[in-house]
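Report on the structure given below.
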Amino acid sequence: MPSTMVQSLSRATTATFEELALLFPEHQLTDEQTAAPLGLAVSVDFRGPFNGRLVLEVSTSILPLAASNMLGEHEGKQPQLQRDALGELANVICGNVLPAIAGQEAVFHLSAPKVHEDATAVSREHDAAQARTEFGVEDGRARVALYVFGDAEAMLAVTGA
């Protein structure tokens with residue numbers, strides 16, 4: 001099961017970065033990408049057949065490029081719009097990975113993305129993610145984690161595992 005969730009999360013994240021931000025994730029990180037600190041995080045809580053949170057953490061160096069590609073050259077330089085673009089990336093990843101895991105007929109309600117200035121604090125908030133993926137982007141990196149809250153039995157019943 002975790003392997004299927006990781007694959008679904010990786011596919012949803014890769015497709016979202018490629019199609020929405022016009023950035024091409026590298027699954028083999030360079031030394032420079034591995035060393036790049038994760039400086040900003042955004043989370044999207046969800047409710048449905050099972051409840052949880054998706055957390056997207058990125059190196060701040062990729063924010064201007066992602067925002068410029070998504071919003072246009074001038075808008076991409078504004079810090080608040082960079083955070084909004086990151087929130088939209090997390091929202092789309094979450095909206096794509098949940099049906100891949102739970103099936104197309106499952107209905108989930110997503111909260112508005114929440115920006116966290118301290119990426120390490122939000123990732124420490126929960127001990128173990130049910131799925132996690134990391135990849136290099138330009139000279140930085142991105143990490144996405146999917147957490148399921150409460151009894152995992154609800155998730156297993158929905159996914160058929």
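Give me the pairs: first residue in segment 114-134 and at pLDDT below 70, second residue surrounded by 19 or more Cβ atoms within 10 Å (Cβ to Cβ) and β-branched (Val, Ile, Thr), beta-carbon distance under 7 Å, and six or more apart or on different chains, which are they?
VAL122/VAL55; SER123/VAL55
Looking at (1) farther than 13 Å from TYR147 by Cβ; (2) at pLDDT below 95; (3) in contact with an Asp or Glu (Cβ under 9 Å, 6 or more places away or on another chain), find the lone condition where VAL42 falls short.
All conditions are met except number (2).
Which count do you get for residues in segment 48-98 that are without any contact (Cβ under 8 Å) to a residue 60 or more places away in the chain, touching a Ser or Thr at 6+ places or on another chain (Cβ under 8 Å) and buried (at least 20 other Cβ atoms within 10 Å of the Cβ)?
1
Of the residues that sit in segment 95-118 and are of a type in the set (Gly, Ala, Ser) and in a helix (DSSP H, G or I), which one is nearest to the chain's Cα centre (by Cα)?
GLY95
Out of segment 16-36, which residues are over 16 Å from PRO64 (Cα atoms), exposed (fewer than 15 other Cβ atoms within 10 Å of the Cβ) and touching a residue at least 12 places away in the same chain (Cβ under 8 Å)?
Passing the criteria: GLU26, HIS27, GLN28, THR30, GLU32, THR34.
The values are calculated or read from the model by the stated rules, or taken from the named source; none is laboratory data. All of these numbers come straight from a predicted model, not from anything done at the bench. Glycine gets a Cβ as well: all are built from the backbone with ideal geometry, and neighbour counts include every protein chain shown.
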